[in-house]
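The values are calculated or read from the model by the stated rules, or taken from the named source; none is laboratory data. Since we're looking at a predicted model, the values are computed, not measured. Cβ placement follows ideal geometry from the backbone for every residue including glycine, while neighbour counts extend to all protein chains displayed. Please note that ligands, DNA and RNA were not included when accessible areas were found on the heavy atoms of the full protein model with its side chains. Shrake-Rupley method; radii C 1.70, N 1.55, O 1.52, S 1.80 Å.
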Amino acid sequence: MRWLINSPIGRKFVMSLTGLGLVLFALFHAAMNFVYLISPEAYNAICNFLGANWYAIIATIGLFALFGIHIIYAIILSLQNRKARGNDRYAVAGRQKGVSWASMNMLLIGLAILAFLVMHMVHFWSKMQMIEVGHYILGMEHLDTSRAADGAYHIASVFSNPIACIIYIIGVFALWLHMTHGFWSGMQSLGFSNNVWLPRIKVLSAIIATITCLLFVAIPLVYLFGIK
Amino acid sequence: MDKDINIKIKVWRQDGPKVKGRFETYELKNISQGSSFLEMLDILNEQLINEGGSPVVFDHDCREGICGMCSLYINGHPHGPDEDITTCQLHMRKFKEGETITIEPWRSAGFPVIKDLMVDRSAYDKIIQAGGYVSVNTGGTPDANSILIPYEDAEMAMDAAACVGCGACAATCKNGSAMLFVSAKVSQFALLPQGRPEAARRAKAMVAKMEELGFGNCTNTGACEVECPKSISITNIARLNREYLCAKFKD
Amino acid sequence: MTQIDNKKIDSKIPQGTLEGKWTNYKDHQKLVNPANKRRLDVIVVGTGLAGASAAASLGEMGFNVLNFCIQDSPRRAHSIAAQGGINAAKNYPNDGDSVYRLFYDTIKGGDYRAREANVYRLAEVANEIIDQCVAQGVPFARDYGGLLDNRSFGGAQVSRTFYARGQTGQQLLLGAYSSLSRAVHKKQVKLFTRREMLDLVMIDGRARGILVRNLVTGEIERYAAHAVVIATGGYGNTFFLSTNAMTSNGSAAWQCYKKGAMFANPCMTQIHPTCIPVHGEFQSKLTLMSESLRNDGRIWVPKKLEDAVAIREGKLRPTDIKEENRDYYLERRYPAFGNLVPRDVASRAAKERCDAGYGVGNTGLAVYLDFADAIQRLGKDVVEARYGNLFQMYEKIVDDNPYQTPMMIYPAIHYTMGGVWVDYELMTSIPGCFCIGEANFSDHGANRLGASALMQGLADGYFVLPYTIQNYLSDQINVPRFKTDAPEFEQAEKEINDRVERLMNIKGTHSVDYIHKKLGHIMWDFVGMGRDAEGLKKAIADIKELKKEFWSDLRIPGDKDKLNVELEKALRLADFIEIGELMAHDALDREESCGGHFRLEYQTPDGEALRNDEKFAYVSCWEYQGEDKDPMMAKEPLDYEFVVRQQRNYKA
């Protein structure tokens, strides 16, 4: 299995699988979030269902692994690609028609998303699953778990701040950029593309990214415009 | 109608592979827009020789867009601002009176500069030598019509085979990747029954050689496809990925 | 007057019937066994269709091959630019084709100035070429049933041309290149790129090595071998403007000539009728539009002089000329073949019309190639599928849309039928020095038919030379490998260095291109499409003058032992000047018109070429006599055993 590290297509294979896995996660996550707008109680039920239960923990570890591998590979690939580019840069670098800005800046966008993610995890994960894990599994009994499964409360408290809403909207926009290229690029790297399907997959990519991100931004938008 | 124009040429001069390069700017007067870009460089060189300077070195040969020898990164684009052509087919009518034209060599670790605008593209030959062929000796082949090839497959193979090996794909790729070049050759043979018996071996060998020679990883920006003078499609890259992954999973 | 050498030339044609000669040869030739092949080195100069296919085939057989090319990659050789196709008498379309018919068409197309045995062998192995290329994965055009498709070409009444869009040369070359790459990978062939051959090294009367200039470092390098194969293409760039690539040159062949190889039929040059017209003094090369365009395009000029004048002045557009005022002169003069007459005939007819004042374009040196009928008959889509890439190419260069206005074309130098003299085994008159492809003279006589150059290059490289060279090498198995410090190499290198030194020290005022353009004008005006004694004599005198100017007023910037493009060009031009002079000598000697050689004094009342079989049914074989001495000529008679010579008739 060394080819997964040693060959360019192997590396891209790993990148694509982890990326597409994360797309799936994002889609689920966004769908769950949307539940909050319909019914905060139902949303909390989901939070309860996940929490520090064994399956949720395994899934979280898997998710961390996906993120970790995706990020590490991204950095390795970028470093290799910089090296392959050589030391001299073009004095005039033209833009190519039809080449998206996102595709040229995936690492940059990815890093922006990572920063956003850290903030997001401080806002939510550190107050929810991490508390529960600390309390129930690691035996840190001083941790207060009373609000740990109350996702609705955390949402309300974070998004009551309009600046947070705006930062979240920007973060989700970065995610949208990343996904619009990421999904079809992943499919392409896995070899699922041909003359007929390439344009279709590109459209699908835009649809999936847009749906996911619309579901995500629904909450900050609702708070920002004071509908809730 | 074609007019005569005055232009400035900002061109990369570099005396050798290890020497630091620099830009030099030259003025050219009364260049007919009907002349080709390389003819404009011929005129510049004639001018330089007459002034006692040294002419600009650049690769070129057939001057009809098929040999793949010419290169040049012109105003930020390999083979210049026009579409679907090589530099030798570019004409001066694509430029305006008074314009400054910036000419750079291919800049990619895989293509080190030899002198001025001339680069070393022998890496592409090495990739082909690693497996870009069907293993047949001369003679003893079956009758040409004993192999039936569906029209669509032959056409797609021809689309891929149109690659001229100029290097614009790797030169324009922000990742310095040669995937479009490799995939074109792999696709041509993968689509034809003659190429199938060693398709897996070919894909693995060519990709390994590409890696060994220091070309980058494809991130599917698609810039190569846009700049390719022969419009080789990136769906060939998907086919290469497919061939390679299937080969690896079979191992 | 030409000095004649009356020696008898042995072309080593095997005995037997026309059909049996090649088989007979192969059955009785000497072979080299596998263990001995490893001990024999062969140098192949050039990586075009002939060179690449020969190097790959010899390598596969087990010889140690050293292969050289002038470009950065073997794939760039100018064979790549051939567009239309490759002939073979497969008779797949069931239109009555046969090996004999392909042979006959080629002999007739060459105006009965080629060797029967060579041409028959060419026609015979052509079928194998198609099989070989298909096996290599060359994506020839196919029909919906999956079988190969054919198109028709000039000079034939059957469809026998296999093609890969308008890029047949490219695809065939890439096929040969892929085989060559495989041989390089298997260490059967050692490849040397960006090298230019400067001299042939002879030891004891045999070719034993070459000197090359490393075009990157400027160093002179020595390579030794048991045999040397020259596959460096034609000398069409003598004319400065031609459809050849910029580095295409005649120097390798010329060095062989100077070392004692005979040069045959140098005046036989082909002018291709369908090129994009010259548009200015700065023009660097001419672009060919495939002959296949004549399948569907109709060639015409205005019938009325005043219309032609108005078009030249830009007052009328070609689409303004009514049907009845157009002169489809090929269809008028040659009803049987129409627009598909051979290249020499089509070219001359265009020149005749333009000389008479009917030419179009702002220079008056162009005729129309019109697709309006074809678009109406077949639809734009079909025309686009057939010629789309050519139309696009034309539009990029001329900035005119050929779907709407007719293309403008004019003849241009394209191919040289003449070349180094070789016998049936493709060996030159120097033992151990072989010459294949366009560089030799062997198969096209006075005119080459379309789609035959690819056929000849691959036939020589894949199927002829790898056999015939063994007949020579079988005697060499006990000859040990040569060292490159032999005195002959020392001497040759010293001569090269002296020559380079002399060039660098001229320090005159004119660039290489300046003098090359002057040579081009002399050649085109006096040794071009129509030649006469007076003009040819003037050409010889002018070229002698130009040679003096070259050696006294040339300026080469830079250093001799570094990358120096101007020096490369100067070395080539020094040879082109001499080649040009020999071409004029040959054209002057040949007092007849045949194929690409048209002497104005020798034509029929209606302007067709007037051959003189009684006096000129021979190959003129020129021998070098030394610097500034006129060459001598020996004659190889062309005794036809199987074909009856007739006047070429494409009228009925």
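In the stretch C:511-534, which residue that is open to solvent by less than 10 Å² (accessible area, probe 1.4 Å) and under 25 Å from the mean Cα position of the chain (by Cα) is nearest to B:Gln47 (Cα to Cα)? Break it down into steps so the answer makes sense when it comes.
Narrowing the stretch C:511-534 to residues open to solvent by less than 10 Å² (accessible area, probe 1.4 Å): C:511-512, C:515, C:519-520, C:523, C:527-528, C:531.
From what is left, the residues that are under 25 Å from the mean Cα position of the chain (by Cα) are C:512, C:515, C:519-520, C:523, C:527-528, C:531.
Values: C:Val512: 13, C:Ile515: 15, C:Leu519: 20, C:Gly520: 21, C:Met523: 26, C:Val527: 30, C:Gly528: 30, C:Arg531: 35 Å.
Step by step, filter the stretch C:511-534, then rank; the result is C:Val512.
Any idea which of (1) β-branched (Val, Ile, Thr); (2) in contact with a helix residue (DSSP H, G or I) (Cβ under 9 Å, 6 or more places away or on another chain); (3) open to solvent by 30 Å² or more (accessible area, probe 1.4 Å) is the one C:Val216 doesn't satisfy?
(2)
Taking the residues in the stretch B:236-251 that are closer than 30 Å to B:Cys70 by Cβ and open to solvent by 10 Å² or more (accessible area, probe 1.4 Å) as candidates, determine which candidate is nearest to the other protein chains (Cβ to nearest Cβ).
B:Arg239
Among the numbered criteria (1) touching a Ser or Thr at 6+ places or on another chain (Cβ under 8 Å); (2) at the interface with another protein chain (Cβ under 10 Å from one of its Cβ atoms); (3) buried (at least 24 other Cβ atoms within 10 Å of the Cβ); (4) not acidic (Asp, Glu), which one does B:Phe189 miss?
For B:Phe189, the failing item is (1).
Being out of contact with any strand residue (DSSP E or B) (no Cβ under 8 Å at 6 or more places or on another chain), among the aromatic types (Phe, Trp, Tyr) and closer than 25 Å to B:Glu39 by Cα, is that true of even one residue in the stretch C:532-554?
Yes, there is a match, as at least one residue in the stretch C:532-554 is out of contact with any strand residue (DSSP E or B) (no Cβ under 8 Å at 6 or more places or on another chain), among the aromatic types (Phe, Trp, Tyr) and closer than 25 Å to B:Glu39 by Cα.
Is it the case that A:Arg82 is assigned to a loop (DSSP other than H, G, I, E, B) and of a type in the set (Lys, Arg)?
No: the conditions fail for A:Arg82.
Of the residues A:Val118, A:Val92, A:Val122, A:Val133, which single one is among the hydrophobic types (A, V, I, L, M, F, W, C) and within 9 Å of chain B (Cβ to nearest Cβ)?
Details: A:Val118 fails: within 9 Å of chain B (Cβ to nearest Cβ); A:Val122 fails: within 9 Å of chain B (Cβ to nearest Cβ); A:Val133 fails: within 9 Å of chain B (Cβ to nearest Cβ).
Result: A:Val92 is the single residue among A:Val118, A:Val92, A:Val122, A:Val133 that is among the hydrophobic types (A, V, I, L, M, F, W, C) and within 9 Å of chain B (Cβ to nearest Cβ).
Return yes or no: is C:Leu102 over 22 Å from C:Gln470 (Cα atoms), open to solvent by less than 10 Å² (accessible area, probe 1.4 Å) and not assigned by TED's automatic domain parsing to the domain that holds C:Gln167? Outline the logic, then answer.
Working: over 22 Å from C:Gln470 (Cα atoms): yes; open to solvent by less than 10 Å² (accessible area, probe 1.4 Å): yes; not assigned by TED's automatic domain parsing to the domain that holds C:Gln167: no.
In short, no.
Among the residues of the stretch B:136-166, how many are touching a Phe, Trp or Tyr at 6+ places or on another chain (Cβ under 6 Å) and open to solvent by less than 30 Å² (accessible area, probe 1.4 Å)?
Initially, the stretch B:136-166 is screened for residues touching a Phe, Trp or Tyr at 6+ places or on another chain (Cβ under 6 Å), giving B:138, B:151, B:165.
Then keep just the ones that are open to solvent by less than 30 Å² (accessible area, probe 1.4 Å); that gives B:165.
Total meeting the criteria: 1.
Go through (1) open to solvent by less than 20 Å² (accessible area, probe 1.4 Å); (2) more than 10 Å from chain C (Cβ to nearest Cβ); (3) assigned to a loop (DSSP other than H, G, I, E, B) and name the single condition B:Tyr133 misses.
With respect to (1) open to solvent by less than 20 Å² (accessible area, probe 1.4 Å); (2) more than 10 Å from chain C (Cβ to nearest Cβ); (3) assigned to a loop (DSSP other than H, G, I, E, B), B:Tyr133 is out only on (2).
Would a scan of the stretch A:164-175 turn up a residue that is hydroxyl-bearing (Ser, Thr, Tyr), surrounded by fewer than 14 Cβ atoms within 10 Å (Cβ to Cβ), more than 28 Å from A:Ser7 (Cβ to Cβ) and out of contact with any strand residue (DSSP E or B) (no Cβ under 8 Å at 6 or more places or on another chain)? Show your work before the answer.
Quick first cut of the stretch A:164-175, residues hydroxyl-bearing (Ser, Thr, Tyr) only: A:168.
Those still in the list that are surrounded by fewer than 14 Cβ atoms within 10 Å (Cβ to Cβ) too: none.
No: the stretch A:164-175 contains no residue that is hydroxyl-bearing (Ser, Thr, Tyr), surrounded by fewer than 14 Cβ atoms within 10 Å (Cβ to Cβ), more than 28 Å from A:Ser7 (Cβ to Cβ) and out of contact with any strand residue (DSSP E or B) (no Cβ under 8 Å at 6 or more places or on another chain).
Right, A:Leu24: more than 21 Å from A:Ser126 (Cβ to Cβ) and under 17 Å from the mean Cα position of the chain (by Cα) or not? Please lay out each step first, then the result.
Values: more than 21 Å from A:Ser126 (Cβ to Cβ): yes; under 17 Å from the mean Cα position of the chain (by Cα): yes.
Yes, satisfied.
Can you tell me which of C:Arg182, C:Arg194 is at positive phi and either open to solvent by 30 Å² or more (accessible area, probe 1.4 Å) or in the same structural domain as C:Leu66 (by TED's automatic domain parsing) (or both)?
Numbers: C:Arg182 fails: at positive phi.
Every option except C:Arg194 fails the conditions.
Determine if the stretch C:312-320 includes at least one residue that is buried (at least 23 other Cβ atoms within 10 Å of the Cβ) and touching a strand residue (DSSP E or B) at 6+ places or on another chain (Cβ under 7 Å).
Going through the stretch C:312-320, the residues buried (at least 23 other Cβ atoms within 10 Å of the Cβ) turn out to be none.
There is no residue in the stretch C:312-320 that is buried (at least 23 other Cβ atoms within 10 Å of the Cβ) and touching a strand residue (DSSP E or B) at 6+ places or on another chain (Cβ under 7 Å).
Filter the stretch C:1-25 down to residues that are touching a Phe, Trp or Tyr at 6+ places or on another chain (Cβ under 6 Å) and of a type in the set (D, E, K, R), then give me how many there are.
So the answer is 1.
Kindly provide the set of residues from the stretch C:609-633 that are without any contact (Cβ under 8 Å) to a residue 12 or more places away in the chain, charged (D, E, K, R) and part of a loop (DSSP other than H, G, I, E, B), ordered by number.
C:Glu627, C:Asp628, C:Lys629
State all residues of the stretch A:176-205 that are assigned to a helix (DSSP H, G or I), among the polar types (S, T, N, Q) and surrounded by 23 or more Cβ atoms within 10 Å (Cβ to Cβ); if no residue qualifies, say none. Steps first, answer last, please.
Narrowing the stretch A:176-205 to residues assigned to a helix (DSSP H, G or I): A:176-189, A:197-205.
With among the polar types (S, T, N, Q) added as a condition, the list becomes A:180, A:185, A:188-189, A:205.
Result: A:Ser185, A:Gln188, A:Ser189.
Within the stretch B:159-173, which residues are over 20 Å from B:Arg239 (Cα atoms) and either more than 14 Å from chain C (Cβ to nearest Cβ) or of a type in the set (A, V, I, L, M) (or both)?
B:Ala168, B:Ala171, B:Thr172
Taking C:Ser159 as meeting all but one of (1) in contact with a Ser or Thr (Cβ under 6 Å, 6 or more places away or on another chain); (2) away from chain B (no Cβ under 14 Å); (3) free of Cβ contacts under 8 Å to residues at least 60 places away in the same chain, write down the number of the exception.
(3)
Going by what's in this entry, would C:Tyr640 be described as over 29 Å from C:His521 (Cα atoms) and either open to solvent by 50 Å² or more (accessible area, probe 1.4 Å) or in contact (Cβ under 8 Å) with a residue 40 or more places away in the chain (or both)? I'd like the intermediate steps shown before the answer.
Working: over 29 Å from C:His521 (Cα atoms): yes; either open to solvent by 50 Å² or more (accessible area, probe 1.4 Å) or in contact (Cβ under 8 Å) with a residue 40 or more places away in the chain (or both): yes.
The answer is yes for C:Tyr640.
Which numbered condition trips up C:Ile397, out of (1) open to solvent by less than 10 Å² (accessible area, probe 1.4 Å); (2) within 14 Å of another protein chain (Cβ to nearest Cβ); (3) touching a Ser or Thr at 6+ places or on another chain (Cβ under 8 Å)?
For C:Ile397, the failing item is (1).
Quick one: how many residues across the stretch C:163-174 are more than 17 Å from C:Asp72 (Cβ to Cβ), more than 9 Å from chain B (Cβ to nearest Cβ) and open to solvent by less than 30 Å² (accessible area, probe 1.4 Å)? Don't jump to the end; show me each part of the working.
Of all residues in the stretch C:163-174, those more than 17 Å from C:Asp72 (Cβ to Cβ) come to C:163-169, C:171-172.
Next, from what is left, pick out any that are more than 9 Å from chain B (Cβ to nearest Cβ): C:163, C:166, C:168, C:172.
Now restrict to residues that are open to solvent by less than 30 Å² (accessible area, probe 1.4 Å): C:166, C:168, C:172.
Final tally of qualifying residues: 3.
Kindly provide the set of residues from the stretch A:64-87 that are more than 26 Å from A:Leu22 (Cβ to Cβ) and surrounded by fewer than 17 Cβ atoms within 10 Å (Cβ to Cβ), ordered by number.
Going residue by residue through the stretch A:64-87, those that are more than 26 Å from A:Leu22 (Cβ to Cβ) are A:83, A:85-87.
Within the stretch A:64-87, A:Lys83, A:Asn87 qualify.
All but one of (1) at pLDDT below 95; (2) touching a Leu at 6+ places or on another chain (Cβ under 8 Å); (3) surrounded by 24 or more Cβ atoms within 10 Å (Cβ to Cβ) hold for C:Pro273; state the number of the condition that does not hold.
Checking C:Pro273 against (1) at pLDDT below 95; (2) touching a Leu at 6+ places or on another chain (Cβ under 8 Å); (3) surrounded by 24 or more Cβ atoms within 10 Å (Cβ to Cβ), the one that fails is (2).
Being open to solvent by 30 Å² or more (accessible area, probe 1.4 Å) and part of a helix (DSSP H, G or I) is the filter here, so list the residues in the stretch A:132-158 that pass it.
Our first condition is that a residue be open to solvent by 30 Å² or more (accessible area, probe 1.4 Å); within the stretch A:132-158, this holds for A:133, A:135-147, A:150, A:153, A:156-157.
The answer is A:Val133, A:His135, A:Tyr136, A:Ile137, A:Tyr153, A:Ala156, A:Ser157.
In the stretch C:310-401, which helices (runs of 4 or more DSSP H) lie fully inside it and hold 1 or more residues that are in contact (Cβ under 8 Å) with a residue 12 or more places away in the chain and under 27 Å from the mean Cα position of the chain (by Cα)? Lay out the reasoning, then the answer.
On the way: elements: C:329-333, C:343-355, C:372-378, C:380-398.
Of the helices (runs of 4 or more DSSP H) lying wholly inside the stretch C:310-401, those with at least 1 residues that are in contact (Cβ under 8 Å) with a residue 12 or more places away in the chain and under 27 Å from the mean Cα position of the chain (by Cα) span C:329-333, C:343-355, C:380-398.
Restricting the first residue to the stretch C:271-284 and requiring it to be among the hydroxyl-bearing types (Ser, Thr, Tyr), which pairs with a second residue that is outside any strand (DSSP E or B) meet a Cβ separation below 7 Å and a spacing of at least six or different chains?
C:Thr274/C:Met289; C:Thr274/C:Glu291; C:Thr274/C:Leu293; C:Thr274/C:Arg294; C:Ser284/B:Leu38; C:Ser284/B:Glu39; C:Ser284/B:Asp42; C:Ser284/B:Arg63
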